[in-house]
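Structure record follows, encoded as structure tokens.
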Amino acid sequence: MSYDLFLKPKSGEFSKKQFDAYFTSREHYTLEGSQAWYQNEATGVYFVFEYQDKEDAEEGYYPIVFNMNYFRPTYFIKEAEPEVIELKSKFNLEVDDPQKHGMGSGDFDEDKFKSGWLHGNEFAYQSILKDNSDVFSLPTKKLENVWSWNNNKESLQEQTEDDVFVPSIMLLNYEGRVVTACVWPDAISSIIPPVDILLIGRKELAPRKLFKKVEDMVLGDWGQLMPIFEKHKAKMQGDAYYLHYHSVPNEIKKHIQNLKSFDISSLERLSVDQVLNEELVQKYVV
């Protein structure tokens with residue numbers, strides 16, 4: 001199940017050469033034949049634009065088709081919208097939107113673009129969850145916080161001191177439930193976003209066995225670490241803790257050294273399209 005939006009110039013032609021040149025110049029796109037695939041490695045969001053030859057068109061030639069799947073987290077539309085708007089503005093395009101609650105034919109309408117996709121996306125939840133209710137989900141606010149953090153992580157890292165690490169937020173299957181997580185190797189200076197668990201690789205902080213350090217991994221619980229972060233933060237970066245120090249404070253070091261080693265093979269990394277909006281899942285799970 002997916003959403004299709006057809007686009008064409010209000011006047012003149014639009015060639016495959018223009019299509020290729022435009023998407024080659026833009027970040028996150030890969031050209032594959034007649035398709036320009038958008039894949040943001042930071043957020044996991046993906047969709048595709050496709051060029052249609054005139055002879056392939058059934059009726060009413062629209063050279064560009066935007067396609068994005070349904071049954072996805074709702075923030076997918078937030079990332080897709082500026083890409084469609086930029087393309088539309090660059091080439092002065094009009095649209096044909098055949099979806100229910102869509103725009104119809106004519107000028108592009110941002111609100112109807114979003115509402116049209118969201119309507120179809122919710123219908124997909126309703127249809128699919130009737131027969132398959134075994135899915136992972138998180139509250140919409142939490143999902144959007146993860147998406148926003150990962151979407152802005154690179155620019156935040158560029159604005160930050162070289163010795164301060166900015167981790168991505170991951171989604172993991174931990175004991176049958178989905179959790180948010182980030183890595184914090186050896187408790188180095190980092191900007192730590194609110195997550196359920198921290199994956200802490202111990203190298204410098206590794207325990208000694210038979211007179212030598214043995215590298216391992218431990219899990220840090222947010223509820224236990226947050227009071228420690230409060231004591232040792234340099235400042236807050238929104239809701240994230242900005243930790244900046246020349247050496248790991250003793251309280252942090254002792255807490256991490258006292259944690260039990262953890263086998264990370266028991267964790268499963270989830271793709272973002274596997275973790276749906278909890279409110280919609282609860283609405284339609286029978």
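The values are calculated or read from the model by the stated rules, or taken from the named source; none is laboratory data. Remember, it's a predicted structure, so these values are computed and weren't measured experimentally. Don't worry about glycine lacking a Cβ; one is built from the backbone with ideal geometry, like all the others, and counts go over all protein chains shown.
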Across the stretch 88-125, the tally of residues that are touching a residue at least 24 places away in the same chain (Cβ under 8 Å), among the basic types (Lys, Arg), over 16 Å from residue 64 (Cβ atoms) and touching a strand residue (DSSP E or B) at 6+ places or on another chain (Cβ under 9 Å) stands at 0
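Is there a residue in the stretch 60-69 that is surrounded by 13 or more Cβ atoms within 10 Å (Cβ to Cβ) and of a type in the set (Gly, Ala, Ser)?
Step one: list which residues in the stretch 60-69 are surrounded by 13 or more Cβ atoms within 10 Å (Cβ to Cβ), which gives 61-69.
Narrowing the set further to residues that are of a type in the set (Gly, Ala, Ser) leaves none.
No, the stretch 60-69 has no match at all.
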Which ranges mark the strands (runs of 3 or more DSSP E) fully within the stretch 216-280 that have 1 or more residues being among the aliphatic types (A, V, I, L, M), closer than 30 Å to residue 47 by Cβ and in contact (Cβ under 8 Å) with a residue 40 or more places away in the chain? 240-243, 275-277
From the residues in the stretch 173-196 that are surrounded by fewer than 20 Cβ atoms within 10 Å (Cβ to Cβ) and hydrophobic (A, V, I, L, M, F, W, C), which one is nearest to residue 151 (Cα to Cα)? 183
Filter the stretch 72-126 for residues that are among the hydroxyl-bearing types (Ser, Thr, Tyr) and either in contact with a helix residue (DSSP H, G or I) (Cβ under 7 Å, 6 or more places away or on another chain) or closer than 26 Å to residue 15 by Cβ (or both) and give the result. 74, 75, 89, 105, 125
Cβ-Cβ under 7 Å, sequence separation 6+ or interchain: first residue in the stretch 8-37 and loosely packed, with under 14 Cβ neighbours inside 10 Å, partner charged (D, E, K, R) and part of a strand (DSSP E or B). Which pairs? 10/94
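Considering only residues that are outside any loop (DSSP other than H, G, I, E, B), of a type in the set (A, V, I, L, M) and within 28 Å of residue 145 (Cα to Cα), which ones fall in the stretch 2-60?
Quick first cut of the stretch 2-60, residues outside any loop (DSSP other than H, G, I, E, B) only: 2-9, 16-24, 29-32, 35-39, 46-51, 54-56.
In the following step, the residues that additionally are of a type in the set (A, V, I, L, M) were identified as 5, 7, 21, 31, 36, 48.
Answer for the stretch 2-60, where residues must be outside any loop (DSSP other than H, G, I, E, B), of a type in the set (A, V, I, L, M) and within 28 Å of residue 145 (Cα to Cα): 5, 36, 48.
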Lone unmet requirement of (1) closer than 18 Å to residue 164 by Cβ; (2) of a type outside the set (A, V, I, L, M); (3) in contact with a Gly (Cβ under 8 Å, 6 or more places away or on another chain) for residue 239: (3)
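Among the strands (runs of 3 or more DSSP E) contained in the stretch 129-198, which hold 2 or more residues that are closer than 25 Å to residue 286 by Cα? Please lay out each step first, then the result.
Numbers: elements: 136-138, 170-174, 177-183, 190-192.
Here the list reads 136-138, 170-174, 177-183.
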Answer yes or no: is there a residue in the stretch 254-261 that is surrounded by 16 or more Cβ atoms within 10 Å (Cβ to Cβ), outside the structural domain of residue 72 (by TED's automatic domain parsing) and touching a His at 6+ places or on another chain (Cβ under 8 Å). no
